[in-house]
Amino acid sequence: MNSQHSDVDNCIPRRYTVTSALPYANGPVHIGHLAGVYVPADIYVRYLRSKGREVMFIGGSDEHGVPITIKARKQNTTPQAIVDRYHALIKESFEKFGISFDIYSRTSSPMHRKTASDFFRTLYDKGCFIEKTSMQYYDEENKQFLADRYITGTCSKCNSEGAYGDQCEKCGSSLSPDELIDPKSAISGNAPVKKETRHWYLPLDRYEDFLREWILKGHKADWRTNVYGQCKSWIDQGLQPRAVTRDLDWGVPLPLPGTEGKVLYVWFDAPIGYISATKELRPDDWEKYWKDKETKLVHFIGKDNIVFHCIIFPCMLKAEGSYILPDNVPANEFLNLEGDKISTSRNWAVWLHEYLEDFPGKQDVLRYVLTANAPESKDNDFTWKDFQSRNNNELLAVFGNFVNRTVVLTHKYFEGRVPAAGRLTEADEAVLQEMCAYPARIAGSIEQYRFREALNELMNLARLGNKYLTDNEPWKVFKTDPERVKTVLDVSLQIAAHLAVLCEPFLPFTAVKSRRILNMSESGWDKAEERFLLPEGHVLNPAEFLFEKIEDEDIERQMDKLRAAKESNAKAAAVDYEPQKNPVNFDEFGKIDLRVAKIIAAEKVAKTKKLLKLTLDTGFDTRTVVSGIAEYHAPEAIVGKKVCLLANLEPKNLKGIESHGMILMSENPDGRLCFVEPAPDAEPGMQIR
């Protein structure tokens, strides 16, 4: 076990390697990701840098795995196109939000492919894997083995339909494909068959003694109880060999001859992304961040990744033999939204890129709220009302109000120059002494990964300043005792300067603005242990508001978004989809003739509510089609529209009109029929293939 911990133990590591869980590049980042991983990691790293420590802060996109291939298939595109799109969006969002990665890389990079392949090959050559042949589900129509997420069925635990082969999202139970009732291929919808396949497994059971010594004995005191408890549960239940390969065509190819169509399992390949990113940034000395025993390795993750970062990845590192092990893995619990679980599929989320558009310049407000309400020991809830209240009643009314009043009064009475403090009263001395205790107090909480507690201490310093200024009322005293006002404002300015230094890990944009107002150069954390940061005569810049009031209308717009998402989900859930019809063979399908056609006339069919008589230009003839769309489309509104026509449907007499063909329509969740439209440049008569 690495014995270096922190300043608290008076044993400072030579350097720090800090990783944050790699988000899947199949969607944007939301507040659950931020609260669970990225905000606490950034606070920790910014603090270490302000202490003058050598830090490598690593982030990147996890670009392999079945969710990405599923999204690509649904959108009729390639996995590479999906990851390119979301990697760029996530990277830009993090940059705008102030997450201060040294590098934000990606697991589809050539460097990562080589690093992951070499890592596997090293373990393979050392005989660390066992090779097993087993029966796995196979889609005969698409000629491929089915990863867990490509198998759906009824959950054997709660009987909900639509469960995946690895998890039921309704009840949260972990599953295996064999536990599904009536399994189906998510690709074809067919019932899969079992077929023999060969894979490589990391025998975790061989590492139980190592894990018991390293975690259960070595980290019982310093790891969070949720992390330690989950690890203990896994170890006590007995570890089993875990596959490190998959039958897929998207991922890092297995670097062994005769294994085409097999890739490294994403949870073997993804954590190696931390190493490959370091090699990408520091090709000449990357090893000191991963192999020097004087380096402290810390993983910031959510609770769903504990087993991978505390058991599987350490076993991989142990098997390789030359890497350091993580000193700590401060995993957070989950953040809910307005009393409901955050869900990307239901659009029940606050997306970072949308927040940055809706609240420009308010990055620190979200950082503050997510830290103040961080799910460090239990699941917590984000509400927009709490967001508004914390901004208006804490950041604005306490922190911002104190700094603004202090600077405004200094300009009013002393031309913006820091006045010379006169005789200090006992109360003044007590406030200054208390001020100087905050750097160590906040640092102690950060070093122990108690970021919510650390932020509260920062705000206590702001409360101290606000109370001191209010109690001494310099605006009332100036006429009778201007010398006393000099002392009061000098003390208040010193507190404001300390806030500017100490808030940087939590509120980096506010720190920049505060330093600009106070005309301070960037100062390290240790500087805040000094009593007087602003010398007599130091000239301040004009006052600016650090925070703005968030109005009810701003919150109502966000609630409208969530209400719309809930309404859309309810409509979608209420739709009773017809079951898929029986399969047809390719020859039967080939008899269908789909064409582009243009509506050149339309009129209602007498004595009916639903029917329209349409005259169509098909490019090779003019024909009549009767369509049941009158409830949703006015005749005059659709003349000139291009449509998709089933052209070779047998003619049928409808209300005395011979209908020759069928217009293709889709049904919305509310039952409305909408045209399936061809490409804008398609011409009548063109085939639809």
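Taking the convex hull of the alpha carbon positions in region 83-130 and averaging its projected area over all directions gives 4.7 nm². Each listed q (0.10, 0.11, 0.13, 0.21 Å⁻¹) maps to a log10 I(q)/I(0) for region 108-224 from the Debye sum over equal C-alpha point scatterers, namely -0.50, -0.60, -0.80, -1.04.
Distance distribution note for region 420-469: the fraction of Cα pairs above 17 angstrom is 41%. Using the average count of surrounding beta-carbon atoms within 10 Å as a protection proxy, the listed peptides 599-606, 586-593, 329-336 rank, highest first, as 329-336, 599-606, 586-593. Each stretch of four or more DSSP H residues adds -39500 (n - 2.57); spread over every residue of the chain, this sum gives -11000 deg cm²/dmol at 222 nm. Evaluated over the Cα positions of region 155-270, the convex hull gives a direction-averaged projected area, one quarter of its surface, of 9.7 nm².
Around the amide H of Ile324, modelled in the peptide plane, lie the amide H atoms of Lys291, all under 5 Å away and 5 or more residues distant in sequence or on another chain. For the chain, the convex hull drawn through the C-alpha positions has a volume of 205 cubic angstrom per residue. Highest mean first, the peptides 545-553, 399-407, 195-203 sorted by other C-beta atoms within 10 Å per residue fall in the order 399-407, 195-203, 545-553.
Sorting Cys158, Cys315 on solvent-accessible area from highest to lowest, probe radius 1.4 Å, gives Cys158, Cys315. At most 12 other Cβ atoms within 10 Å and a DSSP loop assignment: could you name the trypsin sites (Lys or Arg not before Pro) in region 219-275 that fit? Of the trypsin sites (Lys or Arg not before Pro), the ones in loops of region 219-275 whose Cβ has at most 12 other Cβ atoms within 10 Å are Lys220. Restricting region 94-179 to chymotrypsin sites (Phe, Trp or Tyr not before Pro) that sit in a DSSP loop and have at most 12 other Cβ atoms within 10 Å of their own Cβ leaves nothing.
Rolling a 1.4 angstrom probe over region 272-347 with all protein chains present gives an accessible area of which 43% lies on carbon and sulfur atoms.
Per the Kirkwood formula applied to alpha carbons, region 262-420 shows a radius of gyration over Rh ratio, Rg over Rh, of 1.12.
When you work out D = kT/(6 pi eta Rh) for region 202-248 at 37 °C and 0.692 mPa s, using the Kirkwood radius from C-alpha pairs as Rh and the Stokes-Einstein form, the result is 282 µm²/s.
Region 219-276 and region 318-349 have Cα centres lying 15 Å from one another.
For the chain, the solvent-accessible area works out to 46 Å² per residue, with a probe of 1.4 Å and every protein chain left in place. Once the Kirkwood radius over Cα pairs is known for region 480-563, the Stokes-Einstein relation at 25 °C and 0.890 mPa s delivers a diffusion coefficient of 163 µm²/s. Dipole magnitude for the chain: about 560 debye, using +1 per Lys or Arg Cβ and -1 per Asp or Glu Cβ, origin at the Cα centre. Above 20 Å, the calculated P(r) of region 18-122 contains 45 percent of its Cα-Cα pairs.
Judged by the mean number of other Cβ atoms found within 10 Å, the most tightly packed of the peptides 55-62, 608-615 leads the ranking 55-62, 608-615. Evaluated on region 350-486, the Kirkwood hydrodynamic radius is 17.4 Å, with distances taken between all distinct Cα atoms. For the residue pairs Lys91/Lys291; Lys114/Lys279; Lys170/Lys571, the alpha carbons lie more than 20 Å apart in Lys91/Lys291. Pairs from the list Lys293/Lys318; Lys71/Lys591; Lys613/Lys642; Lys362/Lys467; Lys341/Lys561 with a Cα-Cα gap above 19 Å: Lys71/Lys591; Lys362/Lys467.
The values are calculated or read from the model by the stated rules, or taken from the named source; none is laboratory data. Every value quoted in this text rests on a predicted model; they were computed, and no experiment measured them. Quick reminder, even Gly has a Cβ in these numbers, built from the backbone with ideal geometry, and neighbours come from all protein chains shown. Only protein heavy atoms, including side chains, enter the accessible area calculation; ligands, DNA and RNA are left aside. Shrake-Rupley method; radii C 1.70, N 1.55, O 1.52, S 1.80 Å.
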